[in-house]
Amino acid sequence: MQRNSTLQNIDWITVILYLLLVAAGWMNIYSASLSDTAVSFTNLDNIYAKQLFFIGLSLVLIVFILAVDAKFYERFSSVIYLIALASLLGLFIFGKDINGARSWYSFGSFGLQPSEFAKAAAALALSKYLSDIQTNVKLFDHQLKAFLIILLPALLIVPQPDPGSALIFTALIFPLYREGLHFIYLLLGFIAAFLFIATLLIGVYWVAAAVAVIALLLWFKNRKKKRNLGKYVIITGACVAFAFSVSYIFNNVFEQRHRDRFNIVLGKEVDTRGIGYNTNQSEIAIGSGGFLGKGWTKGTQTKGNFVPEQHTDYIFSTVGEEWGFLGSIFVVILFLWLIIRLLILAERQKQQFARVYGYSVAAILFFHFFVNIGMVTGLFPTVGIPLPFFSYGGSALWGFTILLFIFVKLDSSNFINR
């Protein structure tokens, strides 16, 4: 009876959007990895065949997720979160180095990346904590605990090193605002990002001078309102101190490849053959597609392997070249439709746990989508963030599938109880 109810009350719009994105993703992976040899869908040495295998296992995962009682995900969210942290810790001992990063467990010819599954685990843990009747997100100590839930997996991922995957966890801050977190944290984040970029562009002394002048002007404007000069001094000092720390962070925390990518995006370096080669070739591929594209499997940049690893993080360049502007807009609309649909479903939830989790899913998917396309089009530095349901990889596809369909299950269960 429960199983039938789940199928009847499932949000089929979300499911159809998922299937469309996965299907479109596979078509582009097929095109990006198609070689001159005979086509084989059973030989797992072929990337497109292996991705088809991953898609098949994703469908099995969906059946399993929907079959489990919705209360399980809330009741065991803390256990799932601890298992995810343990799997990230285990990489330092049992992980395999791939492309300079120890982010994978190796099982023969297959690998498993636990950071992809940790996103769903962190979203569940955060949802459980915020839905606790004793939690008040407006209290500072409760805010710290929520931030700790978000930061712990990120801190374990950064040293792998995999800053791109770690960055994704910051998306979980946004559901906190729906639950009452003060906007000042978001404002501070934007100010920090602006100061960071401005310092890299014009130098720390110009930034420090600009901050001091702005603070002085604001104080002078509001002096009749008896604004405390001490507050302006403290805020100015904090901003200047952060600006002076940017150089240390940039030169000692970031790796050379990350520094190079930032410098290219900021226009401080031009390197179309070295570290900037991928982005440059990706822009050429997308631009060559024109309005209607060159046709599926007909992309000359794609077929010429000009964009390295085009089937993974740079898969959207295949979309741009072969499907053109029209096809690219269609893919963007599918993603935005899915994200907006998730927000609508999240807002209609009566249970806070399901609502917070729904907002978490939407935030993570949007962050991935926004940063990946920005990265492929040269707006953001390359940080190794896959495009959901499109980029090649079993761990990424399974992680996104689990993340999404847990919410689909929660929504169908809440629909039954309404």
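At a glance:
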| quantity | calculated |
| --- | --- |
| Criterion violated by D97 - all others in (1) in contact with a strand residue (DSSP E or B) (Cβ under 9 Å, 6 or more places away or on another chain); (2) under 26 Å from I406 (Cα atoms) satisfied | (2) |
| Some residue of the range 136-144 being under 29 Å from G384 (Cβ atoms), touching a residue at least 12 places away in the same chain (Cβ under 8 Å) and β-branched (V, I, T) | no |
| The range 177-191: number of residues that are surrounded by 14 or more Cβ atoms within 10 Å (Cβ to Cβ) and modelled with pLDDT of 80 or more | 5 |
| Of all residues in the range 365-379 being open to solvent by 10 Å² or more (accessible area, probe 1.4 Å) and under 23 Å from I150 (Cα atoms), the one that is nearest to the chain's Cα centre (by Cα) | F367 |
| Scope the range 91-132; condition at pLDDT 80 or above and polar (S, T, N, Q); matching residues | S103, S106, Q113, S115, S127, S131 |
| Subset of the range 141-162 (residues that are open to solvent by 50 Å² or more (accessible area, probe 1.4 Å) and under 30 Å from R102 (Cα atoms)) | L144, K145, L148, L151, L152, L155, V158, P159 |
| Residues being open to solvent by 40 Å² or more (accessible area, probe 1.4 Å) and of a type in the set (A, V, I, L, M) - total across the range 309-351 | 7 |
| Count of residues meeting criterion [part of a helix (DSSP H, G or I) and either modelled with pLDDT under 80 or of a type in the set (V, I, T) (or both)] in the range 34-77 | 6 |
| Any hit, the range 352-364, residues being within 19 Å of Y177 (Cα to Cα) and surrounded by fewer than 20 Cβ atoms within 10 Å (Cβ to Cβ) | yes |
| Checklist (1) touching a Leu at 6+ places or on another chain (Cβ under 8 Å); (2) free of Cβ contacts under 8 Å to residues at least 60 places away in the same chain applied to A86, failing item | (1) |
| Residue match in the range 154-162 (condition: touching a helix residue (DSSP H, G or I) at 6+ places or on another chain (Cβ under 9 Å) and under 24 Å from L410 (Cα atoms)) | no |
| Answer from K119, K138 - the residue that is of a type in the set (K, R) and open to solvent by less than 10 Å² (accessible area, probe 1.4 Å) | K119 |
| So Y129, is it open to solvent by less than 70 Å² (accessible area, probe 1.4 Å), over 21 Å from the mean Cα position of the chain (by Cα) and closer than 23 Å to L410 by Cα | yes |
| Residue satisfying all of: in the range 96-154; in a loop (DSSP other than H, G, I, E, B) and among the β-branched types (V, I, T); nearest to S360 (Cα to Cα) among these | V137 |
| Selection count, the range 86-95, where residues are part of a helix (DSSP H, G or I) and open to solvent by less than 20 Å² (accessible area, probe 1.4 Å) | 3 |
| Every pair of residues 6+ apart whose Cβ atoms lie under 7 Å, when the first sits in the range 360-383 and is without any contact (Cβ under 8 Å) to a residue 60 or more places away in the chain while the second is of a type in the set (D, E) | N372/D313 |
| Where a residue in the range 164-186 is charged (D, E, K, R) and its partner, wherever it lies, is in a helix (DSSP H, G or I) and surrounded by 14 or more Cβ atoms within 10 Å (Cβ to Cβ), with Cβ under 7 Å and at least six apart | R178/Y359; E179/L130; E179/V356 |
| Identity of the residue in the range 192-205, within 21 Å of the chain's Cα centre (by Cα) and free of Cβ contacts under 8 Å to residues at least 24 places away in the same chain, that ends up least open to solvent (accessible area, probe 1.4 Å) | A193 |
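So that you can scan it fast, the table gives a plain yes or no per residue for (1) part of a helix (DSSP H, G or I); (2) aromatic (F, W, Y); (3) touching a helix residue (DSSP H, G or I) at 6+ places or on another chain (Cβ under 9 Å); (4) not assigned by TED's automatic domain parsing to the domain that holds G324:
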{"site": "R341", "(1), (2), (3), (4)": "yes, no, yes, no"}
{"site": "Y357", "(1), (2), (3), (4)": "yes, yes, yes, no"}
{"site": "V361", "(1), (2), (3), (4)": "yes, no, yes, no"}
{"site": "F366", "(1), (2), (3), (4)": "yes, yes, yes, no"}
{"site": "F369", "(1), (2), (3), (4)": "yes, yes, yes, no"}
{"site": "L387", "(1), (2), (3), (4)": "no, no, yes, no"}
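The values are calculated or read from the model by the stated rules, or taken from the named source; none is laboratory data. Everything quoted here is computed from the prediction, not taken from an experiment. Every residue, glycine as well, gets a Cβ built from its backbone with ideal geometry; the counts of neighbours run over all protein chains shown. Only protein heavy atoms, including side chains, enter the accessible area calculation; ligands, DNA and RNA are left aside. Shrake-Rupley method; radii C 1.70, N 1.55, O 1.52, S 1.80 Å.
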